[in-house]
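The values are calculated or read from the model by the stated rules, or taken from the named source; none is laboratory data. The structure displayed is predicted, hence computed values, not measured ones. Protein only, heavy atoms only, side chains kept; ligands, DNA and RNA dropped before computing areas. Shrake-Rupley method; radii C 1.70, N 1.55, O 1.52, S 1.80 Å.
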Amino acid sequence: MQTLAVDIATTFVDDAAALVTGLGRAALRLAMAPIDRIANACDIAGVLTERRATFRMWRASRARARHEGRRSGLLGRFSPFRHLSHLT
């Protein structure tokens, strides 16, 4: 019986965390929409589209690595320099 209670509590906490994450992403997307429109209008050389394509390839390779069983560490996930990996 205790296992069932722990499973229910864990499921509730995971669902609450996913809800908060989703609401945060939606609020961020709503707040950043005007800035993204201005940035896209000012992008003459196509730098933003190239950067987005590179990010999609990087995300796909991470998903493939995660599917194969390799995981990124906790330090890499919270590193302030994690978005600068394309510069190395």
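Please find, within region 58-88, the residue that is modelled with the lowest pLDDT out of those that are outside any loop (DSSP other than H, G, I, E, B) and of a type in the set (S, T, N, Q).
Top of the filtered list is 85.
Give region 22-57 a look and list any residue that's β-branched (Val, Ile, Thr), open to solvent by 70 Å² or more (accessible area, probe 1.4 Å) and in a helix (DSSP H, G or I), or say none.
Answer for region 22-57, where residues must be β-branched (Val, Ile, Thr), open to solvent by 70 Å² or more (accessible area, probe 1.4 Å) and in a helix (DSSP H, G or I): 35, 38, 47, 49.
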